[in-house]
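Read-outs throughout are calculated quantities, based only on the coordinates presented, and are distinct from any laboratory measurement. Everything quoted here is computed from the prediction, not taken from an experiment. Positions of Cβ are backbone-derived with ideal geometry, glycine not excepted, and every protein chain shown enters the neighbour counts.
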Amino acid sequence: MSQIQEKTEIVRIDQLTPEVFRITLDAPEIAAAAVPGQFVMIRTGNSSDPLLRRPFSISQTSNGGLIQILFKVVGRGTGLLSHCREGEKVSVIGPLGKGFFIDIEKNPFLIGGGVGIAPLLFLAKRMRQKGLVKDPVVFLGAAESSELLPLITDFEALGLQVHVATDDGSAGHHGLVTEVLNEVDLGADCMGYVCGPKLMMLAVHQYCRKLEYGCQVSVETSMACGMGACLGCIVPASKGGYVHACYEGPVFDSEEIVWEI
Ligand SMILES: Cc1cc2nc3c(=O)[nH]c(=O)nc-3n(C[C@H](O)[C@H](O)[C@H](O)COP(=O)(O)OP(=O)(O)OC[C@H]3O[C@@H](n4cnc5c(N)ncnc54)[C@H](O)[C@@H]3O)c2cc1C
Ligand code: FES
């Protein structure tokens, strides 16, 4: 599918923590075309500074043509985005990349860490809409509860079983979300859908391999173009050579890529 460039209006911006923001954009064409796991490239400044657009996962779409992005301020681009106000326009290209494959034969569980939770909400909603697959069990991890609370509410509103872990113990298990995963018996024939810090995704990949579960991971790389032109996003492939995270991913079967930490 070809990507769409839209000049989108910021409908709403919510600050969840000093560093984490949720932004809602009016992007009807992108909302209509997107599937969970795909991303958009956003021009974060008004001019050519910064020159490159920044990639963000689509965290929700609505029938009314809205898309939502959850982002953490880590540098110049995300800093500029956090200072945007409702009513301002931003240029967005998307939907980009290959999203999650919903395997209807397997029992799903979703596991996300920090802002990596973003695409999993879209995925959970799509699984619910389709009604083809069993309800997923959800595992959410973050540094502190304020980052998580609005998201927990969104997942619980779907009637899903949600397990929570925080680094500071302010909500759920005090520790890593993968520790909670290890304590829950998910049964046989599962598929993990994973997005978050690399070490967390590696731990889930190893867990799934041990239990003979399927595992799909959404990888984060640096991306200059987001559409196959620059090689900035390549990841070593387990069959040899490289794969482009921007158009062959960002979602891969966890066995397809070489895990370099
Ligand atoms: C497919 C994809 C989806 C993404 N989805 C989200 C999302 O939903 N929410 C979100 O907050 N972020 C997401 N990211 C990461 C986001 O794109 C970066 O945080 C952003 O580009 C940083 O821009 P900046 O100008 O603020 O920081 P820069 O000034 O470019 O960089 C600041 C610091 O952050 C580091 N950094 C930059 N990009 C990344 C990255 N991709 N991974 C790790 N470290 C990085 C740099 O090395 C540097 O140390 C995604 C990335 C990809 C590839
Ligand atoms: S980001 Fe340019 S080729 Fe993938």
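Largest mean-square fluctuation among Ala32, Ala124, Ala157, in a Gaussian network model of the chain whose springs join Cα atoms under 10 Å apart, belongs to Ala157. Taken over the stretch 32-79, the percentage of Cα pairs per 5 Å bin, counting from 0 up to the bin with the maximum distance, is 5, 19, 27, 22, 15, 12, 2.
The order of Ser218, Ser91, Ser59, going from fewest to most other C-beta atoms within 10 Å of their C-beta, is Ser91, Ser59, Ser218. Counting only Cα atoms, the stretch 4-96 measures 30, 28, 25 Å along its principal axes, largest extent leading.
Using the Karplus relation 6.51 cos²θ - 1.76 cosθ + 1.60 with θ = phi - 60°, the per-residue 3J(HN,Hα) values for the stretch 249-261 come to x, x, 8, 10, 4, 5, 7, 6, 10, 8, 8, 9, 10 Hz, with x marking Gly and Pro. What angle do you read, to the nearest 10 degrees and between 0 and 90, between the alpha-carbon axis of helix 198-211 and the longest principal axis of the chain? The answer is roughly 30 degrees. Projecting the Cα positions of Ser145, Ala34, Cys190 onto the charge dipole of the chain (unit charges on Cβ atoms of Lys, Arg, Asp and Glu, taken about the Cα centre) puts Ala34 furthest along the positive direction.
Tell me, Thr24, Thr17, Thr44 in order of fewest to most beta-carbon neighbours within 10 Å?
Numbers: Thr24 20, Thr17 16, Thr44 24.
Least crowded to most crowded, the residues run Thr17, Thr24, Thr44.
For the options Leu151, Leu25, Leu120, a Gaussian network treatment of the chain with springs between C-alpha atoms closer than 10 Å singles out Leu151 as fluctuating the most. For the stretch 77-119, the Kirkwood estimate of the hydrodynamic radius, built from every pair of different alpha carbons, is 14.3 Å.
Two-decimal Rg/Rh of the stretch 107-218 from alpha-carbon positions, Kirkwood Rh?
Here Rg/Rh amounts to 0.93.
With θ taken as phi - 60° and the Karplus curve 6.51 cos²θ - 1.76 cosθ + 1.60 applied, the whole-hertz 3J(HN,Hα) list for the stretch 31-37 is 4, 6, 8, 6, 10, x, x Hz, x standing for glycine and proline. DSSP beta bridges fully contained in the stretch 103-261 are about 25 percent antiparallel. P(r) tail for the chain: Cα pairs beyond 25 Å make up 41% of the total.
Tell me, what is the FRET efficiency for Ser2 and Asn182 to the nearest 0.05, using R0 = 35 angstrom and their Cβ-Cβ distance as r? If you can, show how the numbers build up before the last one.
Details: r = 43 Å, r/R0 = 1.22.
Plugging the Cβ-Cβ distance into 1/(1 + (r/R0)^6) gives 0.25.
Shown for Val243, Val251: other C-beta atoms within 10 Å of each C-beta, ranked fewest to most, produce the order Val243, Val251.
Ordering Ile102, Ser47, Phe71 by the projection of their Cα atoms onto the charge dipole of the chain, which places +1 on the Cβ of Lys and Arg and -1 on the Cβ of Asp and Glu, puts Ser47 at the extreme positive end.
Between 0 and 90 degrees, the angle of helix 145-157 with respect to the longest Cα principal axis of the chain falls at about 80 degrees. Between Glu183, Glu212, Glu248, the residue with the greatest mean-square fluctuation in the GNM of the chain (Cα pairs under 10 Å linked by springs) is Glu183.
Less than 5 angstrom separates the built amide H of Ile4 from those of Gly94, all sequence-distant by 5 or more or on a different chain. About the centre of its Cα atoms, the chain shows a dipole size close to 680 debye [charges on the beta carbon of Lys, Arg (+1) and Asp, Glu (-1) only; nearest 20 debye].
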